[in-house]
Amino acid sequence: IPHKNPVKTGFGIAPVNIALSKYWGKRDVALNLPTNSSLSISLPGLGTQTHLTWLPTLGQDAISLNGQRLSSEHKFAKRLSAFLDFFRPNLAGHFQVITHNSVPTAAGLASSASGYAALVLALNDAFEWQLSLQQLSLLARLGSGSASRSLFPGFARWHKGKQDNGMDSYAEALPESWPEFCVGLLEIDIQEKPLGSTAGMQKTVETCEIYQAWPEKAEKDVNIIQKAIQNKDLTTLGETAENNALTMHATMISTWPPILYWQAESVAAMHQIWALRNQGHSVYFTMDAGPNLKLLFLETEKPALLQAFPNLKVIQPFKVI
Ligand code: 2P0
């Protein structure tokens, strides 16, 4: 990447994504290289918008999030500035970053994914690099692993890659569109989670004795889900995604000290979903590093699910509004 001063304010916008087969664990912490591939669906209309300007005067990065200037000691500001270190044209200036999230920050709704994806798009715009989405996915991965998948609308697959330098670890869009496919956001709690994903997955890799089963299972699930998408087979997709999420959570729970993101209401919602399934409704859930559930179903189930969960926020990723 050429290091000349960017001349204009760059802009980037990126969606959040929900993994149907999860990323949990790194084989290289510095480069955010995962132990396994993952597969996600992006949620249009929910995500991050970022403006970035290079100011050629001395100073610390000026970072604002949702209209609030963050102190340089704030953990988001520190992490973002450390990421921007990769791209500073010189040490005589600083970046101004103005970013807005349309999802609660750090509540298991993947704001770091849309955040770093929007940031690399803003960098690409400001520096006029004209990089491909694949190259930008690789750069976003350095900021946050799941951000590699947020460069794309629809389904995306993040290839874990084999190389130690990470040059083959990036995401690509899957070509399939599925207009009837719905994701329902069931918010249990939007407080900031007590333990972030970066630290949580590291502890899991270090102390969970059943972790070695995970990468192989996850790799298998990615392939099953990709085929289910090709076949528009919600049953296989839903069963595999739900089991994948619960297996990831099993590794978290068997970490020491234990990591349990669930709340009592999360478990109650799981039972409600299983009861709906027993009544013949085709609905599945997935969960990330937080207490909220994401429901997976087809448009025909929408009325029944809105009745069961009045607060459900339904998103149809492929439906043009
Ligand atoms: C995922 N999660 O695949 C999984 C499921 C959370 C649970 O990717 O350390 O914020 O920045 O690479 O990407 C969240 O982890 O972690 C995540 P870092 P990231 O969506």
Checklist entry - Given the residues Glu176, Glu216, Glu209, which is the only one that is in a helix (DSSP H, G or I), more than 14 Å from the ligand (Cβ to nearest atom) and among the charged types (D, E, K, R)? => result Glu216
Checklist entry - Of all residues in the range 86-95, how many are surrounded by fewer than 19 Cβ atoms within 10 Å (Cβ to Cβ) and over 24 Å from the mean Cα position of the chain (by Cα)? => result 6
Checklist entry - Residues Ser112, Ser146: which one is open to solvent by 40 Å² or more (accessible area, probe 1.4 Å), more than 16 Å from Thr53 (Cβ to Cβ) and within 12 Å of the ligand (Cβ to nearest atom)? => result Ser112
Checklist entry - Of these, Lys294, Lys302, Lys220, which one is surrounded by fewer than 16 Cβ atoms within 10 Å (Cβ to Cβ) and of a type outside the set (A, V, I, L, M)? => result Lys220
Next on the checklist: Among the residues that make up the range 266-285, is at least one of them more than 13 Å from the ligand (Cβ to nearest atom), over 20 Å from Asn311 (Cβ atoms), open to solvent by 40 Å² or more (accessible area, probe 1.4 Å) and touching a helix residue (DSSP H, G or I) at 6+ places or on another chain (Cβ under 6 Å)?
Outcome noted: no
Checklist entry - Any idea how many residues of the range 1-36 are part of a strand (DSSP E or B), surrounded by fewer than 24 Cβ atoms within 10 Å (Cβ to Cβ) and within 16 Å of the ligand (Cβ to nearest atom)? => result 4
Next on the checklist: Could you check the range 227-265 and list, in sequence order, the residues that are assigned to a helix (DSSP H, G or I), surrounded by fewer than 16 Cβ atoms within 10 Å (Cβ to Cβ) and in contact with a Ser or Thr (Cβ under 7 Å, 6 or more places away or on another chain)?
Outcome noted: Thr235
Checklist entry - Can you spot a residue in the range 104-124 that is in contact with a strand residue (DSSP E or B) (Cβ under 7 Å, 6 or more places away or on another chain), within 26 Å of Lys294 (Cα to Cα) and part of a strand (DSSP E or B)? => result no
Next on the checklist: Looking at the structure I just gave you, is Leu136 at pLDDT 95 or above, surrounded by 17 or more Cβ atoms within 10 Å (Cβ to Cβ) and outside any loop (DSSP other than H, G, I, E, B)?
Outcome noted: yes
Checklist outcome for this item: Residues in the range 241-289 that are free of Cβ contacts under 8 Å to residues at least 40 places away in the same chain and polar (S, T, N, Q) total 5
Checklist entry - Does Leu39 satisfy being modelled with pLDDT under 95 and either open to solvent by less than 30 Å² (accessible area, probe 1.4 Å) or within 16 Å of the ligand (Cβ to nearest atom) (or both)? => result no
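The values are calculated or read from the model by the stated rules, or taken from the named source; none is laboratory data. In this text the structure is predicted, and so the values were computed from the model without any measurement. Note: ideal-geometry Cβ built from the backbone for every residue, glycine included; neighbour counts use all protein chains shown. Just the protein is used for accessible areas: all its heavy atoms, side chains included, with ligands, DNA and RNA removed. Shrake-Rupley method; radii C 1.70, N 1.55, O 1.52, S 1.80 Å.
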